[in-house]
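Nothing in this text is a laboratory measurement; each read-out follows from the coordinates by a stated rule. Remember, it's a predicted structure, so these values are computed and weren't measured experimentally. For neighbour counting, all protein chains shown are included, and Cβ atoms are generated from backbone atoms with ideal geometry for every residue, glycine included.
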Number of protein chains: 2
Amino acid sequence: MTETIDVKPETEHELVLARIIAAPREKIFRAWTDPEILKQWFVPKPWTIARAELDVRPGGKSLIVMRDPEGNEYPNPGVFLDVVENKKIVTTDAYTDAWTPAAKPFMTMILTLEDAGEGKTRYIARALHWSAEDVAAHEKMGFHEGWGQCAEQLEEVAARL
Amino acid sequence: MTETIDVKPETEHELVLARIIAAPREKIFRAWTDPEILKQWFVPKPWTIARAELDVRPGGKSLIVMRDPEGNEYPNPGVFLDVVENKKIVTTDAYTDAWTPAAKPFMTMILTLEDAGEGKTRYIARALHWSAEDVAAHEKMGFHEGWGQCAEQLEEVAARL
């Protein structure tokens, strides 16, 4: 089980998921950047990831296709804005590739990984939005529950790496 | 005088300014990235640039403050998304720094510079928007006249470098 920690938003329309995860940050970074590993934890079960393509570098494109239990697929295209190995990943859905504007810029995700001692990681995932409406919608969609469940799944997967 | 060339938009909500400019691309790149030079041409006269701060690298912040003839100032914060020396500059106003969402993501600018022979440059500035409303508003604000006048001013400034 991950341990919830208290971390405040730093920007106006932000949601934060902050946990201590029982895995070193190198393994967590790998679970975020290797498509085959990401598929094992990136959506709350029983949803699955049908497809993941990750060009992990600033300006690199990502495409993650989520699949619901009925088999409907939901593509999530985006672009990496910043990548610092084992430390930081920034992505946004505001572009579908570098630099084609998406139909609707919804959020930017800033993930930071810090050593927390004893092989654990201080894991902070921030979702930054462009509007009050979007941050409220994201919270209502179940941000905390969904990203929280994924953090648990991530911890399990990382433990096996 | 610059020479207008016919270049089509590549994305849905895009405006394009395309010119042959009588200056080599190294000088044009310098005029875009050196704040003191940029101040000399970046707004149509009689407007002026009161202040320019340019951290020219992917993720670097830019702040350009425009001043109208009455002395009112208009700050334009943004972030560089991609920079290839003497060839390409990509910026957006969707972030005020890396990676704080702006109040309103309006556009992404992709500038490409190619050799056109005889010391001239094929200069293509694309303004990409997230919505039909924004691209229409930008055109109505005088995109073609404004960016066109700036291209002329840029050519004059680059000739003196």
*Residues satisfying the stated conditions in segment B:40-61, i.e. surrounded by fewer than 17 Cβ atoms within 10 Å (Cβ to Cβ) and of a type in the set (Lys, Arg)*: B:Lys45, B:Arg51, B:Arg57
*Do you know which residues across segment B:1-18 are under 13 Å from the mean Cα position of the chain (by Cα) and closer than 11 Å to B:Thr121 by Cα?*
B:Ala18
*In segment B:3-16, which residues are acidic (Asp, Glu) and in a loop (DSSP other than H, G, I, E, B)?*
B:Asp6, B:Glu10, B:Glu12
*Please find, within segment A:44-102, the residue that is nearest to the other protein chains (Cβ to nearest Cβ) out of those that are β-branched (Val, Ile, Thr) and free of Cβ contacts under 8 Å to residues at least 12 places away in the same chain.*
A:Thr100
*Looking at segment A:114-161, which of its residues are within 14 Å of another protein chain (Cβ to nearest Cβ) and either more than 28 Å from A:Ala94 (Cβ to Cβ) or among the basic types (Lys, Arg) (or both)?*
A:Arg126
*Could you tell me whether segment B:144-156 includes any residue that is of a type outside the set (Phe, Trp, Tyr) and closer than 30 Å to A:Pro9 by Cα?*
no
*Across segment B:80-103, what is the number of residues that are among the aromatic types (Phe, Trp, Tyr) and more than 15 Å from the chain's Cα centre (by Cα)?*
2
*Within segment A:128-146, identify whether any single residue is touching a helix residue (DSSP H, G or I) at 6+ places or on another chain (Cβ under 8 Å) and either aromatic (Phe, Trp, Tyr) or closer than 22 Å to B:Asp97 by Cα (or both), and answer yes or no.*
yes
*Does B:Glu10 satisfy being within 14 Å of chain A (Cβ to nearest Cβ) and within 22 Å of B:Ala116 (Cβ to Cβ)?*
yes
*Name the residues in segment A:17-52 that are among the acidic types (Asp, Glu) and outside any helix (DSSP H, G or I), would you?*
A:Asp34
*Could we say that B:Ile64 is touching a Pro at 6+ places or on another chain (Cβ under 8 Å), of a type in the set (Val, Ile, Thr) and surrounded by 13 or more Cβ atoms within 10 Å (Cβ to Cβ) here?*
yes
*Check off (1) of a type in the set (Gly, Ala, Ser); (2) more than 14 Å from the chain's Cα centre (by Cα); (3) closer than 21 Å to B:Thr96 by Cβ for A:Gly117 and give me the number that stays unchecked.*
(3)
*Scan segment B:40-79 for residues that are under 13 Å from the mean Cα position of the chain (by Cα), under 21 Å from A:Leu81 (Cα atoms) and of a type in the set (A, V, I, L, M, F, W, C) and jot them down.*
B:Leu54, B:Leu63, B:Val79
